[in-house]
1. For region 405-511, build the charge dipole from Cβ charges (+1 Lys, Arg; -1 Asp, Glu) around the Cα centre, then report which of A452, A494, G506 sits farthest towards its positive end.
2. Calculate the spin-label point distance for D549 paired with H116, positioning each point 7 Å from the Cα along the beta-carbon direction, and give it in nanometres.
3. Using modelled backbone amide H atoms (1.01 Å from N, in-plane), which distant-in-sequence or interchain residues come within less than 5 Å of L212's amide H?
4. In the chain, what cysteines have no partner Cβ closer than 4.7 Å?
5. Could you give the accessible area per residue of region 41-288, probe 1.4 Å, as a whole number in Å²?
6. Output the antiparallel fraction of DSSP beta bridges having both residues in the chain, as a percent to the nearest 5.
7. Could you work out the relative contact order of region 220-294? I mean the mean sequence separation of Cα pairs under 8 Å and 6+ apart, divided by the number of residues, in percent.
8. Could you tell me what percent of the accessible area of region 518-659 is made up of carbon and sulfur, with a 1.4 Å probe and every protein chain present?
Amino acid sequence: MSAQPAAARTPDTPATTPVSTDTARSPAPRLPDGLAKTPPMGFNNWNSTHCRAEFDEEMVKGIADLFLAKGLKDAGYRYVNLDDCWALPERDANGKLVADPRRFPHGIKAVADYVHSKGLKFGIYTSAGTKTCNEAGFPGSLGHEVSDARQFADWGVDYLKYDNCNNQGVDARYRYRAMRDALKATGRPIVYSICEWGENRPWEWASDVGHLWRTTGDISDSWSSMLGILKQNLPLAPYAGPGRWNDPDMLEVGNGGMTDTEYRSHFALWSMMSAPLLIGSDLRKATPETFEILANKDLIALDQDAAGKQATVLASEDGRWTLVKELANGDRAVALFNETGQPQRITTSARQVGLPQADGYRLRDLWQHRDQHTTGTISATVPAHGTTVYRVSADRRWADHPPAVEAGTDGIPLVETGTPTALRSTVGNLGGTPARDVRVALRAPDGWQVTATSPATARALPGGATLRTDWEITAPAGARPGAYDLTLTAAHRAPDGQRITTTLPGSAHVVVPPPAGTAYAAELPWLTAANGWGPVERNTSVGESEAGDGGQLTIGGAAFAKGLGAHAPSEVSFYTGGRCTAFHARVGIDDESGDKGSAGFEVWADGERLTESGTMTGKDTARTVDADVSGARTVRLVVTDGGDGVDHDHADWGDARFSC
Ligand code: GLA
């Protein structure tokens, strides 16, 4: 063992806080070590195991093996990193860190050696505080920087994640620089990941301290967490570049809390943002879909592009996002991201994303891995929570590629069983050469009837032309309310004879009209229900984040036997089928929030806002919301965050009911 007892017993750093003199400089200075020229790629156990027992030597070795077996090393993944809970709570007599022998019976160096034997790199974790974040209280490196850095280097560590817990109020710049200097003094190249959660705006001062810095609090395995972090990280694009990356936290892809469509968005958006790509799922249990997402080389190429430019937001309107990333060879990566719960058409153009004027462009679909061309329009109908990603190139030989064809529908059909419901599909040729022998098909589950009432084929669709097809959809008598798959496919023949199929996954909803009389919102089936925290509850408040853990709906002391317990941002929608006339509720912040929280309550009918409560706080008594919903096919109850973020926004729709 390499002994440095003196350094270990005497804290390396004083507990005083020197005044910092940093100011924003341009261009940002960076570490002169040439490390992390592209965002680090690898694995970290935290998101899948936290401190559970399965985090051990076997797991880490298994992941390293899978990096090779599944082509992930080949795709660029290098670092196999340990997170919190690898150590024992006490240092040894020499002040050295000790691995937990139950997890790592052969010590850390043995694991690092194994990882290195596979041609991979090895990372570790500790905190810029007296202890790490876990309540078991594992040792942190504050005051032990020199000794701990030396120990990491001796073990063969290539990457250090340095957390922020138990920092004793010592200035962050001081703490993170102390470890930077200690790592440098070891002489070993070690990627340095600053994890202070964006608390001290590290993007403004850390470009010459670490290679990457967390910009937010911890991600969790949910759509709302991923989305929240995305929105915090996007505006920080100007601060990222080779050797200095914004870190919106590790990937949740494959952990089970999101759909594969959502995980595809997560991965595509992180790649667009030049984020570190640290796999956070236990690959030993991963599905083929998870591997397919993580190993998408077309997307990884965006993340790892040599220019290192984080994508910027070109447009964002009503949940339709257009992100653009300028690439080293002049290409543009364009992500069309649909935040909403319905398919959305999102459109931009080659000129708008910054490409020079030309008659045509190459358009590569990075999920399909397919080259096509466009005369300028970049467009797709993007499924709910999905992301379409293109790589667009100025290419004189654009016409060598088949024309891009865009398939869309005019919404999600709401189908009452036995009644034919209309849907229109469109298939547009975005290219400059004809799409020949076009055939459109709409596939519904067995027992459904789907009929085209206008032409569903075209011998040739010239560049710029659109084929519109009207359909009638009938659900079988016994179909239960809920969502059913409805897939649109458009097939055409390219000029070179190739048959090309474009598929748009979508859905139809079987709905039942509300009964005549008074119908309580909690007793009707919901078309959709979304809550910022925990599920929407029937006849109770939200309570904690589990289903059914709320209390009686109570606003300013007034209790309601019936109603909905929501939490901002929330949206619950109903099928009213033109059969209701009025909606009524008593709204406000539930008393379980105390005086805290603020929210706005809105009633929408078929895309139009009928009424709103104005911002309400935890101090307000209930307000009445009445809306005339005559003729509406759908009604949406929306809760906004009152403009100040969603904390404590437990929002009740007391007594919520329709007259039908
Ligand atoms: C903090 C970090 C997480 C994780 C845990 C470990 O919360 O932000 O990424 O490392 O600590 O305790």
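The values are calculated or read from the model by the stated rules, or taken from the named source; none is laboratory data. Model, not experiment: these values are computed from the prediction. Cβ placement follows ideal geometry from the backbone for every residue including glycine, while neighbour counts extend to all protein chains displayed. Keep in mind that these areas ignore ligands, DNA and RNA; they rest on the heavy atoms of the full protein, side chains included. Shrake-Rupley method; radii C 1.70, N 1.55, O 1.52, S 1.80 Å.
1. Toward the positive end, the furthest listed residue is A494.
2. Result: 4.5 nm between the two label points.
3. Amide H neighbours of L212, under 5 Å, 5+ apart: Y192, I194, W245.
4. Lacking a cysteine Cβ partner under 4.7 Å: C195.
5. Working: 7960 Å² over 248 residues.
For region 41-288, the per-residue accessible area is 32 Å².
6. Close to 85 percent.
7. Working: 82 pairs, mean separation 25.0, N = 75.
So the answer I get is 33 percent.
8. On the way: 2590 of 5820 Å².
Roughly 45 percent of what the probe reaches on region 518-659 is carbon or sulfur.
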